[in-house]
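The values are calculated or read from the model by the stated rules, or taken from the named source; none is laboratory data. Keep in mind it's a predicted model, so treat the numbers as computed, not measured. Methodologically, a virtual Cβ is constructed for each residue, glycine included, from the backbone with ideal geometry; neighbour enumeration extends over all protein chains shown. For accessibility, only protein heavy atoms count, side chains too; no ligands or nucleic acids. Shrake-Rupley method; radii C 1.70, N 1.55, O 1.52, S 1.80 Å.
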Amino acid sequence: MPTIDRRALLAAGLGLFAAGTATAAPSPTLKQAAASKGRRFGSAFAFGTRGADAGTFANPDYAALLRRECAVLVPENEMKWQAIRPAADRFDFARFDAMVAWAHVNGFAIRGHTLFWAYSRWFPEWLTTHDFGHRPAIAAAAILTDHIDTVTARYGQRIDSYDVVNEAVDPDTGQLRQTALSHAMGGTEPVLDHAFRTARAAAPHAELVYNDYMSWEDRNQHHRAGVLTLLEGFRKRGVPVDTLGVQSHIGLFAPTTDAGALARRLEPGWREFLDAVVAMGYRLLVTELDVRDKGLPVAIGPRDRGVADFARAYLDIMLSYPALGDVIAWGMSDRYSWLRTFEPRPDGAPARGCAYDNAFRPKPLRSAMLGALTNAASRRRPR
Ligand code: XIL
């Protein structure tokens, strides 16, 4: 394997970021329950410096939680272009190398997120304003190829599943998003197809995933239809895509007292979507699970109950599909959840969408996850 940062390897190997003192997770653990049905349970995690109060391997309490509950880890931000590609001709792997090294030394599998986030909002500034010259299609394809080849070569077998493309469908229209690369390459489809073909050639061992947030709540019809059209197109064009990553940032938005009743109403439409995806031969992953609790009462008892009931119903559906592989949470503790800042509740109360609370105590959502993983259909092994 090429040059992973030696200091990072050394630090991880010496156990400088050793486990801390968080209270023991109840038994069985989430990863054990998932493994009993042939799956991996995991979480997003972050880079951090030693002892940081953040969702990082360098925070002993958080690291202990990851070790107990998770078999697979995903970098929350550190593999994105904004993090590793500061310029067209430069890469910076220092932070992500440290995460990969720690995960590897501690026996975790690693998913790569993401080789290409097809949404201008999340492009690094230089890419949006890049001059692609006289032959823009060739120049744009080269930038993408270089990115995918460089990342996959660096991490080799250590990363066994990639979100090759993230969020290419506009949820409002169901159309593919336009970006600087799609303008240069004469459309979005050529960009996405190129990304998957390049990834297959560069990392033939890896599962290749299209990842998006079309979800089961109302008002996602256009998004779901757009994703189905995209997945059909991949099949027609022979593009090597193995799996749909269902992000699963599920949410209760309108005032809700009965999360179970809402879930039952949403189930038929959601199954119809999943059935269509599976019928095309795609596998499924839950890649970024958490629960947005805006519509639930602020009181912690009913709020945590509503979150757990909603997630249990959702996961029971997802886990009834033998085509479902990994189940991955977008962080393990409310303390570090992106939902706190990204989508604050109108009343300002901190979001409670993760399995563990601020003090790393398990919540009803953890029990819901455990119950769903335990009662799941066994995973059908990919050929
Ligand atoms: C989010 C991170 O959690 C935040 O820290 C960051 O500011 C923005 O991105 N869909 C994805 C993830 O695919 O990469 C996003 O992660 C959440 C939505």
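For the chain, averaging the sequence separation of C-alpha pairs within contact (under 8 Å, six or more residues apart) and dividing by the residue count gives a relative contact order of 16 percent. Among the complete DSSP H segments of the chain, which ones combine at least 24 Å of alpha-carbon extent along their axis with a mean Kyte-Doolittle hydropathy of -1.0 or more? Helices meeting the span and hydropathy rule in the chain are 136-155, 259-279, 300-318.
Each part reduced to its alpha carbon centroid, region 28-60 and region 327-383 end up 12 Å apart. Each of SER27, SER337, SER120 has its accessible area taken with a 1.4 Å probe; listed largest first, they run SER27, SER120, SER337. Computed packing ranks the peptides 181-193, 270-282, 238-250 as 238-250, 181-193, 270-282, most packed first, by mean other Cβ atoms within 10 Å. Solvent-accessible surface of region 6-374, taken per residue with a 1.4 Å probe and all protein chains present: 38 Å². Please give the FRET efficiency for SER27 paired with SER120, using the beta carbon to beta carbon distance and R0 = 51 Å, rounded to the nearest 0.05. The value I calculate is 0.65.
These residues, GLU267, GLU125, GLU167, go from largest to smallest accessible area, 1.4 Å probe, as GLU125, GLU267, GLU167. Of the accessible area of region 6-374, computed with a 1.4 Å probe over protein heavy atoms only, carbon and sulfur atoms account for 54 percent. Extending 7 Å from Cα along the Cβ direction at MET280 and again at ALA261 yields two label points whose distance is 3.6 nm. For region 121-229, the relative contact order works out to 35 percent when only alpha carbon pairs closer than 8 Å and six or more residues apart are counted. Selection among SER248, SER378, THR129 by position relative to the dipole of the chain gives SER378 as farthest towards the positive end (Cβ unit charges, Cα centre). Take the Cα of ARG50, go 7 Å toward its beta carbon, and the backbone nitrogen atoms of region 102-125 under 16 Å from that spot belong to 102. The residues packed around ARG305, meaning those with a beta-carbon under 15 Å from its beta-carbon, carry a net charge of 0 if Lys and Arg are +1 and Asp and Glu are -1. Can you list, bin by bin at 20 Å, the percent of alpha carbon pairs in the chain, starting at 0? In order of increasing distance, the bins hold 29, 60, 11, 0 percent.
Taking every protein chain into account, the 1.4 Å probe leaves ASP160 with about 50 Å² of accessible area, to the nearest ten. Counting only protein chain heavy atoms and rolling a 1.4 Å probe, the accessible areas of TRP126, TRP330 rank, largest first, as TRP126, TRP330.
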